[in-house]
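Peer 1: Quick one: this structure, given as structure tokens, is what I'll be asking you about.
The values are calculated or read from the model by the stated rules, or taken from the named source; none is laboratory data. Computed from a predicted model, the values in this text were never measured in an experiment. As a convention, Cβ positions derive from the backbone with ideal geometry for all residues, glycine included, and neighbour counts pool all protein chains shown. For the accessible areas, the whole protein counts, side chains as well, though only heavy atoms, and no ligand, DNA or RNA atoms are used. Shrake-Rupley method; radii C 1.70, N 1.55, O 1.52, S 1.80 Å.
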Amino acid sequence: MPPNPPPIFEFLLFDGFSNMVLASAMEPLRDVRMNAGQDIAGWRVSTLDGAPVSSSSGLQITPDGAFDARQGNRTLVLVAGYRVREQITPALLAKLRTATRQARLVLALDTAAWLLAAAGVLDGHAATIHWQELDAFMEAFPKTEVSTARFVRSGPFLTCGGASTALDMILSLIQDLFGSAAAFGASTMFVYNPSRQSELNRGAARLEQRGSRKILQAANLMAENIETPLSTAELAKQVSLSERTLARAFQRELGMTPGKYYKILRLQHARYLSDETHLSLEQIAHRCGFSSASSLGRSFSTLYGRTIREARGQEKPWAQSDRLND
């Protein structure tokens with residue numbers, strides 16, 4: 001049986017969308033893809049007619065192409081913001097009905113749930129929307145069960161409000177699709193104040209199990225000691241756990257040992273140095289705690305399925321989203 005193809009995310013943008021909402025949904029995927037290899041996930045950006053659209057702050061985005069409602073086998077991500085009601089037409093609603101039947105999953109960010117509800121596809125489903133629209137949304141669509149939760153999953157539909165809730169939702173989806181370790185890695189990329197995020201149940205704190213705070217502390221120590229890795233015993237001592245308890249916590253929450261997670265972290269850093277610097281492979285190996293370039297190479301090939309030399313010569317995995325800076 002052939003392996004399942006990697007998930008394809010199609011970001012359908014509408015005029016007035018929020019830059020922060022789009023980035024909150026796309027950047028965690030970029031992080032997962034960069035760290036796991038190019039074949040794990042892909043995305044494209046579309047608009048209804050293939051023409052550029054402008055964000056709420058006036059940033060103009062040139063899409064990959066026009067939206068094809070008949071395309072199947074994708075996760076559809078609708079990103080709408082201001083003036084969402086003005087953009088509703090019978091043709092758009094017809095396209096959304098067709099597209100939602102074909103899609104694996106449908107994500108509606110910010111005010112995009114309004115478009116799905118107007119198309120009738122949220123009838124009988126639970127959903128949420130940007131908090132400023134909640135009351136109006138509830139009045140306009142009585143057949144939809146409106147929730148005040150940060151994000152809601154109901155059948156194939158995932159809906160959320162603004163940027164921070166989009167980040168929460170995409171991290172949850174990453175955990176479902178790619179595992180707890182990928183979600184944990186992506187979440188720590190976006191945690192500005194870990195203690196505050198833990199209070200708000202955001203970021204890495206979303207992996208809400210006993211020991212998560214200790215795992216975050218251990219992961220931070222790993223990140224701070226890439227060139228000279230600490231032993232598991234040293235890590236456990238510094239986070240005030242026994243070595244056995246730390247190992248069990250990592251296995252329970254991330255599905256791997258502390259040593260394996262540490263090696264993945266070091267290999268991710270090696271991949272970054274390979275992409276972003278002209279350091280020799282021997283220099284990269286030493287900066288990432290490997291005894292030699294050959295030792296790094298063997299570990300890299302095992303994780304990514306290609307040699308580090310091959311990866312170094314390939315297009316950077318975030319190149320598809322470079323147009324966002326145009």
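Peer 1: Just for segment 1-156, what percent of DSSP beta bridges are antiparallel, to the closest 5?
Peer 2: The antiparallel fraction comes to roughly 10 percent.
Peer 1: Could you tell me the relative contact order of segment 23-151? Use alpha-carbon pairs under 8 Å, at least six residues apart, and round to a whole percent. Provide the component values of the computation, followed by the final result.
Peer 2: Working: 172 pairs, mean separation 21.3, N = 129.
Relative contact order here is 16 percent.
Peer 1: Relative to the longest principal axis of the chain, what angle (0 to 90°, nearest 10) does the C-alpha long axis of helix 243-254 take?
Peer 2: Once rounded, the angle reads 30 degrees.
Peer 1: Considering only protein heavy atoms, what per residue accessible area in square angstrom results for the chain with a 1.4 angstrom probe?
Peer 2: On the way: 15590 Å² over 326 residues.
I get 48 Å² per residue for this part.
Peer 1: What does the helix-only formula give at 222 nm for the chain: each DSSP H stretch with n ≥ 4 adding -39500 (n - 2.57), the total divided by the residues, and the result rounded to the nearest 500 deg cm²/dmol?
Peer 2: Helices in the chain give a 222 nm mean residue ellipticity of -14000 deg cm²/dmol.
Peer 1: Of the beta bridges DSSP finds with both residues in segment 71-199, what % are antiparallel, to the nearest 5?
Peer 2: Percentage antiparallel, nearest 5: 25.
Peer 1: Per-residue counts of other Cβ atoms within 10 Å, averaged by peptide: what ranking do you get for 127-134, 156-163, 286-293, 50-57, highest first? Could the numbers behind the result be given before it?
Peer 2: On the way: 127-134: 20.2, 156-163: 23.4, 286-293: 17.9, 50-57: 14.4.
Put in order of decreasing packing, that is 156-163, 127-134, 286-293, 50-57.
Peer 1: Quote the FRET efficiency, to the nearest 0.05, computed for Glu234 versus Ile8 with a Förster distance R0 of 45 Å and r equal to the Cβ-Cβ distance.
Peer 2: Working: r = 42 Å, r/R0 = 0.94.
Computed FRET efficiency for Glu234 and Ile8 comes out at 0.60.
Peer 1: Can you give me the % of accessible surface on the chain that is carbon or sulfur? Probe 1.4 Å, all protein chains present, nothing else counted. List each step's numbers first, then the result.
Peer 2: Working: 7660 of 15590 Å².
Result for the chain: 49 percent of the exposed heavy-atom area is carbon or sulfur.
Peer 1: So how exposed is Leu177, as accessible area in Å² (1.4 Å probe, rounded to 10)?
Peer 2: 80
Peer 1: Label 7 Å along Cα→Cβ of Arg44; segment 8-29 residues with amide nitrogen under 12 Å?
Peer 2: 8-12
Peer 1: Also, quick follow-up: Could you give the dipole magnitude of segment 239-280 about its Cα centre, charging the beta-carbon of Lys and Arg +1 and that of Asp and Glu -1, in debye to the nearest 20?
Peer 2: Dipole magnitude for segment 239-280 comes out near 240 debye.
Peer 1: At R0 = 45 Å, how high is the FRET efficiency between Ala91 and Arg244 if r is their beta carbon distance? Nearest 0.05 is fine. Mind showing how you got there, number by number?
Peer 2: Working: r = 62 Å, r/R0 = 1.37.
Computed FRET efficiency for Ala91 and Arg244: 0.15.
Peer 1: Still on this structure: If you fit an axis through the alpha-carbon atoms of helix 258-276 and take the longest principal axis of the Cα set of the chain, what angle between them do you get, 0 to 90°, nearest 10?
Peer 2: Approximately 70 degrees, to the nearest 10.
Peer 1: Another question, if that's okay. Helix 90-102 sits at what angle to the longest principal axis of the chain, using alpha carbons and giving 0 to 90 degrees rounded to 10?
Peer 2: Tilt relative to the chain: about 40 degrees.
Peer 1: Over the chain, what relative contact order in percent results from Cα pairs under 8 Å that are six or more residues apart?
Peer 2: 14
Peer 1: Of [x] 130; [y] 178; [z] 150, which one was derived for volume of the Cα convex hull per residue in Å³ from the structure shown?
Peer 2: Correct label is [z].
Peer 1: Given a 1.4 Å probe and heavy atoms of the protein chains only, how would you sort Lys143, Lys95, largest accessible area at the top?
Peer 2: Ranked list, largest accessible area first: Lys143, Lys95.
Peer 1: Next up: Looking at the chain as a GNM with Cα springs under 10 Å, which of Glu86, Glu227, Glu145 has the largest mean-square fluctuation?
Peer 2: Greatest mean-square fluctuation among the candidates belongs to Glu86.
Peer 1: For a quick check of understanding: with a 1.4 angstrom probe and all protein chains in place, what accessible area in square angstrom does Asp15 have, to the nearest ten?
Peer 2: 60
Peer 1: With both bridge residues required to lie in segment 51-123, what share of the DSSP beta bridges run antiparallel, to the nearest 5%?
Peer 2: Antiparallel bridges make up about 20 percent of those DSSP assigns within segment 51-123.
Peer 1: Right, another one. Relative contact order of segment 94-199: what whole-number percent is it, with Cα pairs under 8 angstrom and at least 6 residues apart?
Peer 2: For segment 94-199, the relative contact order is 23 percent.
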